[in-house]
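The values are calculated or read from the model by the stated rules, or taken from the named source; none is laboratory data. Quick caveat, the model's predicted, so the values are computed rather than measured. Quick reminder, even Gly has a Cβ in these numbers, built from the backbone with ideal geometry, and neighbours come from all protein chains shown.
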Amino acid sequence: MSASLGIALLIGIAFGVVLEQAGLGRARKLVGQFYGTDFCVFKVMFSAILTTLLGSFWLARLGLVDLAGFYVPETFLLPQLVGGLVFGIGFVLAGLCPGTACVAAASGRLDGLAVMGGLLVGIGSCGLLFDRLQPFYTSTAYGTVTLPRLFDLPYGVVVLLVVAMALLAFRVLARFERPA
């Protein structure tokens, strides 16, 4: 195993531990997001996004990483919208997303194991049907879309705006969240 895969594995395990410690391996905790009573999911995930965003921004500014070397997948609008819809429906029905389902399964919860089974069936089905799905899968290509490119703003300005938006969202959601 290469060093980068080993580091990725360690980061993934650490992230799973953090999700479990935050209670995100339990469907009841996650559905609080949909009921507007518990925004822990939003806060944990947005915090992870902010950590990555700020870390990559400052590491690039210090010359320690080259952002041009970061892989950004292409945008295929319609297939990604359909995928998001399927993801959302599955999240609402199961109360778990793929990451939290892994955490739940690793913690021995049957709902997590069931969702992981469903994920494997879905992935396998798509793999078997990929030849038929490929025209749809590659439709509505928009190339690589990033927020700086989309809004024609410097990367640093987008970072500042996303951080400001997150801080505002955290403050507003705190007013609606019911204490546990």
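Observations
- First in region 79-95 and within 25 Å of Leu110 (Cα to Cα), second anywhere and surrounded by 13 or more Cβ atoms within 10 Å (Cβ to Cβ) and β-branched (Val, Ile, Thr), Cβ under 6 Å, 6 or more apart: Ala94/Val115; Gly95/Val31
- Taking region 24-39 as the range and being free of Cβ contacts under 8 Å to residues at least 40 places away in the same chain and in contact with an Asp or Glu (Cβ under 8 Å, 6 or more places away or on another chain) as the test, the residues that pass are Lys29, Gly32.
- For Ala60, the conditions (1) surrounded by 12 or more Cβ atoms within 10 Å (Cβ to Cβ); (2) modelled with pLDDT under 95 are fulfilled apart from (2).
- Taking every residue in region 40-60 that is farther than 30 Å from Ala27 by Cα and pairing it with any residue that is surrounded by fewer than 15 Cβ atoms within 10 Å (Cβ to Cβ) and of a type in the set (A, V, I, L, M), at least 6 positions away or on another chain, the pairs with Cβ-Cβ distances below 8 Å are Ser56/Leu67; Ala60/Leu67.
- Residues of region 127-153 that are surrounded by 12 or more Cβ atoms within 10 Å (Cβ to Cβ), more than 16 Å from Phe76 (Cα to Cα) and hydrophobic (A, V, I, L, M, F, W, C): Leu153 alone.
- Selection within region 137-152 - over 20 Å from Leu59 (Cβ atoms), without any contact (Cβ under 8 Å) to a residue 40 or more places away in the chain and either of a type in the set (A, V, I, L, M) or assigned to a loop (DSSP other than H, G, I, E, B) (or both): Leu150, Asp152
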